[in-house]
Amino acid sequence: MALKVEVDQNKCATVGICVKELPEIFGFQQGSKKAQSKVDIVPAHLETKCLAVAKKCPNGAIQVREIQ
Ligand code: SF4
């Protein structure tokens, strides 16, 4: 099992919680200032933290789902 992470560009409101708390995975895009995930698959050692940060996003923009 692995976790795939994406930022919904229609929901992200550039609050920046994800970028501040987990810069290994999230970063702002140049220009739009919306966040994007730098990785497709969450590194195993960051899975727990990534799930916690996803819950903190006030816009529910961070989508984390299990893939095979
Ligand atoms: S916490 Fe949510 S709204 Fe804020 S930058 Fe990250 S994805 Fe966007």
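Please treat every number below as a calculation from the coordinates, not as lab data. Since this is a predicted model, take the numbers as computed values, not measurements. We place every Cβ from the backbone using ideal geometry, glycine too, and count neighbours over all the protein chains shown.
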For CYS50, CYS18, order by how many other beta-carbon atoms lie within 10 Å, fewest first
CYS50, CYS18
By how many nm would the segment from HIS45 to ALA2 grow when fully extended, if each residue of separation counts as 0.36 nm and the alpha-carbon distance is taken off?
14.4 nm
Region 46-58 - phi-based ³J(HN,Hα) in whole Hz, Karplus 6.51/-1.76/1.60, Gly and Pro as x:
10, 4, 4, 5, 5, 5, 5, 5, 4, 5, 7, 4, x
So if each residue of separation counts as 0.36 nm, and I subtract the Cα-Cα distance between SER32 and ALA13, what length gain in nm does that give?
5.8 nm
Convert each backbone phi in region 6-16 into a coupling constant with the Karplus relation 6.51 cos²θ - 1.76 cosθ + 1.60 (shift: θ = phi - 60°), then list the ³J(HN,Hα) values in order as whole Hz, x for Gly and Pro.
9, 10, 6, 5, 7, 9, 4, 10, 6, 5, x
How large is the convex hull of the C-alpha atoms of the chain per residue, in Å³?
73
